[in-house]
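First comes the structure, then the notes that go with it.
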Amino acid sequence: MPEIWFRYGGTEVSLELPDDLSYKMLEPRELKPDERLWRELGTFADNLGRGAGSRGFTILYDHSGDKMSLVILRHLIESLEQYSDRIRVLVSGWRLDPSEGWEDARRGLKEYDVRAEIINVRGREMVEHSGMKIVEDLLDNSVKIILTASEPHGLFGKASLREALAFGGFAEIGFSEDLQADILTVWSRLIEELRPWAITMLNDRIYMGDAEDVAKRVYNAGCEEAVSDFEIVLAGCGGRPRDTSFQLIAHVIGLLRDTVVDDGLIGLIAECSRGLGSKSFMEAVLGGGGTPLDRALVRMIRETSTSKKIALATTLPRSVMKKLFDIRCFDTPEEMLTYALRRYTRGARILILERPHVKPVRSSMQGQS
């Protein structure tokens, strides 16, 4: 009987699959930290360093809890140190809880011995510039480098360079209901001002170069993966700090909504130790308030629940989730699987993701999602 382990908060939980079930594992394609990668990163840093002179470097690091990003950040700084001792890292983490995301980043930076001036971008002084408020630290003469993981997001397809700048706290803007247009506005203004470079990872590839060029290459690379028809999809949400609240994992519902057939089941495994989420998210849930991003998340959840069933293995209260979102909650992945098999029979086709690293889309729906 196969046993699958999922990250769950600060620990792991297992799911045993009976031998008679029809299931498929969607394995992640991961970047390998080998000599080729370090040579490419060193060459990139050398090209920047030779032209930087004494200007120094400011790295806009968007933390997502991904250890590979920290390893790359450390190697980048080690390569840049020979050209300047003025290296600052502005840390954001728009996909995480603000306080817990910063603490996780701080621990990771210490663990991986990242030697630079570390600054939490949240709470930094903002100044008026080019028609909007931006973090004052961005207005010096240093070379700017954006470093983030381009992971798929349920609202935006990929969470990449543009989203990191728009939502990471580097700029302050009054977002409208057209989030995509706002993201592009912030991006266009900041890259015109900063002329940044960029490093980003998508699955097993790394992209480096001019930020606008990298953003286009990542967008064209796509994050969808064609799959056959499934009645059930079961996915882990990455564990702490990725699964600390329902607000953080809500986008995974959107990421998986084109994976299962109509009336199929999306099952997520996420601890949610901090409950539902922020005050703004709760305002969006209860009365249409909150930020445009939170309102968009709530609309996406409710739209998905009209054609799909949603279940969670979580610590969230069952009655609250049923009332607010029509979501069924269970104490363990085994209980959730038992519920799914009773509903769809043991002949149901099941797709399993240990973490949501791609956007699985049924072959018949590709191009429509």
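The values are calculated or read from the model by the stated rules, or taken from the named source; none is laboratory data. Because the structure is predicted, anything quoted here is derived from the model rather than measured. Counting neighbours? That spans all protein chains shown, and the Cβs are built from the backbone with ideal geometry, glycine included.
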Notebook entry, point to check: Restricted to the stretch 118-136, and to residues that are surrounded by fewer than 18 Cβ atoms within 10 Å (Cβ to Cβ) and outside any strand (DSSP E or B), which residue is modelled with the lowest pLDDT?
Noted result: S130
Checklist line | Residue list for the stretch 189-231, restricted to those being exposed (fewer than 13 other Cβ atoms within 10 Å of the Cβ) and in contact with an Asp or Glu (Cβ under 9 Å, 6 or more places away or on another chain) | finding: R195, D204
Margin query: Looking at L73, L48, can you tell me which residue is within 26 Å of G169 (Cα to Cα) and under 22 Å from the mean Cα position of the chain (by Cα)?
Written below: L73
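Taking the stretch 1-10 as the search range and keeping residues that are touching a residue at least 40 places away in the same chain (Cβ under 8 Å) and more than 29 Å from I146 (Cα to Cα), which one is surrounded by the fewest Cβ atoms within 10 Å (Cβ to Cβ)? Let's see the steps before the verdict.
So the first thing to find is which residues in the stretch 1-10 are touching a residue at least 40 places away in the same chain (Cβ under 8 Å), and the list is 4-10.
Adding the requirement that they be more than 29 Å from I146 (Cα to Cα) leaves 4-6, 8.
On the way: I4: 17, W5: 13, F6: 24, Y8: 25.
Within the stretch 1-10, the match that is surrounded by the fewest Cβ atoms within 10 Å (Cβ to Cβ) is W5.
Looking at L286, is it out of contact with any strand residue (DSSP E or B) (no Cβ under 8 Å at 6 or more places or on another chain), surrounded by fewer than 18 Cβ atoms within 10 Å (Cβ to Cβ) and of a type in the set (A, V, I, L, M, F, W, C)?
yes
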Checklist line | Sole exception among (1) under 19 Å from the mean Cα position of the chain (by Cα); (2) part of a helix (DSSP H, G or I); (3) not assigned by TED's automatic domain parsing to the domain that holds L139 for D213, by number | finding: (1)
Margin query: Filter the stretch 329-369 down to the residues that are crowded, with 20+ Cβ neighbours inside 10 Å, in contact with a helix residue (DSSP H, G or I) (Cβ under 8 Å, 6 or more places away or on another chain) and in a loop (DSSP other than H, G, I, E, B) and list them by number.
Written below: P356
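Among the residues of the stretch 193-208, which ones are without any contact (Cβ under 8 Å) to a residue 60 or more places away in the chain and either among the small types (G, A, S) or outside any loop (DSSP other than H, G, I, E, B) (or both)? Walk me through how you get there before you give the answer.
Taking the stretch 193-208 and keeping what is without any contact (Cβ under 8 Å) to a residue 60 or more places away in the chain, we get 194-195, 198, 200, 202, 207.
L194, A198, T200, L202, Y207 - these are the residues of the stretch 193-208 that are without any contact (Cβ under 8 Å) to a residue 60 or more places away in the chain and either among the small types (G, A, S) or outside any loop (DSSP other than H, G, I, E, B) (or both).
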Checklist line | Matching entry among T332, T338, T345, T306 (being within 30 Å of E30 (Cα to Cα) and of a type in the set (S, T, N, Q)) | finding: T332
Check: Taking the stretch 164-185 on its own, how many of its residues are surrounded by fewer than 22 Cβ atoms within 10 Å (Cβ to Cβ) and assigned to a helix (DSSP H, G or I)?
Finding: 7
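Within the group D20, D85, D46, which residue is out of contact with any His (no Cβ under 8 Å at 6 or more places or on another chain), acidic (D, E) and closer than 25 Å to T338 by Cα?
Working: D85 fails: closer than 25 Å to T338 by Cα; D46 fails: closer than 25 Å to T338 by Cα.
Being out of contact with any His (no Cβ under 8 Å at 6 or more places or on another chain), acidic (D, E) and closer than 25 Å to T338 by Cα holds for just one of D20, D85, D46, which is D20.
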